[in-house]
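Structure first, then comments.
The values are calculated or read from the model by the stated rules, or taken from the named source; none is laboratory data. Quick caveat, the model's predicted, so the values are computed rather than measured. Methodologically, a virtual Cβ is constructed for each residue, glycine included, from the backbone with ideal geometry; neighbour enumeration extends over all protein chains shown.
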Amino acid sequence: MLDIHFIRENADVIKMGAAKKHIAIDIDRLLAVDDERKSLRQQLDAKRAEQNLASRTIALSNGDEKEKLLEAMRFVKEGMQELDEKHKAVMEEWQKLMLMVPNIPDMTVPEGESDADNQEVKKWGEPKEFSFTPKDHVELMTKAGMADFERGTKVAGFRGYFLKGDGVLLSNAIWQLALKHFAAKGLEPMIVPSLVRREAFMGTGYLPQGEEDLYKTQDGEYLAGTAEVATMGYYMDETLDKSVLPAKFLSFSPCFRREAGAHGKDVRGLIRVHEFYKWEQVVLCEASHEESVKMHEWLNRNTEEFIELLNIPYHTVVNCGGDLGLGQVKKYDIELWVPGEGKYREISSASYFHDFQTRRLNIRYRAEDGTMKFPHSLNSTAIPTPRILVSIVENYQQEDGTIRVPEVLVPYVGKEILGHSA
């Protein structure tokens, strides 16, 4: 959420930012509603002052004069009730409009409407040339006994899956290596809730816009699609000591997504599933654009280094305006090479938000000069499973159908070859 005073002073910039993100928002209507909100607030304050004065006068009066004052007081109360109802209605519209105002994208964010317009900023490694026709991960993992998609669908429905045997060993190895790698960067490991209250989703910006992609319980809580939500809620409604910053977390949780907008996309295998696991990097830093930019590059590089440990070709893209979320100032995606499809697939996103999330979550800190500020927030995927398994098994497949284990994972898996030769 942006500050209303900032919106007033920078209305044209906000409009340009919304246009760049291809987000429809009527800033002029918001400002008009804000004027009405302030006017009604002032009228209510004046009525309350009038009521307080009248109460004191009545206390000192008696007889006919008191009756006249009491009658006048009834008219004041009726007027206040009408004003209060108008104020509540205006406040409701004001709050809805404020929640829809997008953050301003960084000037380095390219123009574009969708992920097709994202721009490559880095490329690492070269796609492997196979002496045979490479198979996709569904065939490889099924034949190797690493996954069962047919029974997964039978038990869990569309996009369901079972990981089995070597598939479990490989997934667990990824988790262990990720914990070692990212914790060594100074991130504090946490296992966080997946079942999270609505307030944390509102604060991080996943609600109200993204409600259709969330699973909701009968008690009104939601299942999170990323550990970012619970981690950002950790300090909700708290004032931090500046010495806490930067606060760096490495959070693990099960994740759940309905994939409501992905009907017909990636219907096979492990690319796009409803239930998965993820390590997530989350940072709160001081309210400085320069610090946010530095932390953003650092977070993204942490994941690039992890992919390089696995020796999987990737490229990094900067997301265009139309592929940014409501609160994101800038975002990088890391995409891994998938031989079975002959293209790069997203594995990680790194974003920074300035104080968009912390303002909504009411997370503050006291600066050295004594002023209260909202810290800046950032997050980046460390690594998701089972999606990372797709690139591992496809890039490390052998002609006989077995899969070599990346050298860095061998100590965690306990063997060098997965599956059985055909």
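Odds and ends about this structure:
- Among the residues making up segment 317-370, those that are out of contact with any Leu (no Cβ under 8 Å at 6 or more places or on another chain), of a type in the set (Gly, Ala, Ser) and within 20 Å of Gly210 (Cβ to Cβ) are Gly321, Gly322, Gly325, Gly327, Ser348, Ser349.
- Tabulated pairs, segment 218-245, first among the β-branched types (Val, Ile, Thr) and in a helix (DSSP H, G or I), second crowded, with 16+ Cβ neighbours inside 10 Å and at pLDDT below 95, C-beta under 8 angstrom, 6+ apart or interchain: Val229/Tyr206
- Within segment 8-22, the set of residues being part of a helix (DSSP H, G or I) and either out of contact with any helix residue (DSSP H, G or I) (no Cβ under 7 Å at 6 or more places or on another chain) or not aliphatic (A, V, I, L, M) (or both) comprises Arg8, Glu9, Asp12, Val13, Lys15, Met16, Gly17, Ala18, Ala19, Lys20, Lys21.
- Residues that are modelled with pLDDT of 95 or more, within 17 Å of Glu280 (Cβ to Cβ) and not in a helix (DSSP H, G or I), drawn from segment 191-213: Ile191, Val192, Pro193, Ser194, Leu195, Val196
- Subset of segment 134-148 (residues that are among the aliphatic types (A, V, I, L, M) and in a helix (DSSP H, G or I)): Val138, Leu140, Met141
- The one condition from (1) farther than 30 Å from Ala147 by Cα; (2) charged (D, E, K, R); (3) under 13 Å from the mean Cα position of the chain (by Cα) that Asp213 does not meet is (1).
- Criterion applied to Ser171, Ser131 was being farther than 20 Å from Glu304 by Cβ, in a loop (DSSP other than H, G, I, E, B) and either in contact with a helix residue (DSSP H, G or I) (Cβ under 6 Å, 6 or more places away or on another chain) or among the small types (Gly, Ala, Ser) (or both), and the one residue passing it is Ser131.
- Subset of segment 148-170 that is of a type in the set (Gly, Ala, Ser) and under 15 Å from Gly419 (Cβ atoms) - its residue that is surrounded by the fewest Cβ atoms within 10 Å (Cβ to Cβ): Gly165
- Restricting attention to segment 258-280, the residues that are of a type in the set (D, E, K, R), modelled with pLDDT under 95 and either closer than 22 Å to Val229 by Cα or outside the structural domain of Arg366 (by TED's automatic domain parsing) (or both) total 3.
- Search result, residues across segment 120-138 that are over 23 Å from Asp333 (Cβ atoms) and surrounded by 15 or more Cβ atoms within 10 Å (Cβ to Cβ): Pro134, Lys135, Val138
- The number of residues in segment 357-385 being outside any loop (DSSP other than H, G, I, E, B) and of a type outside the set (D, E, K, R) comes to 15.
- Residue identified as among the acidic types (Asp, Glu) and without any contact (Cβ under 8 Å) to a residue 24 or more places away in the chain among Asp136, Asp115, Asp166, Asp148: Asp148
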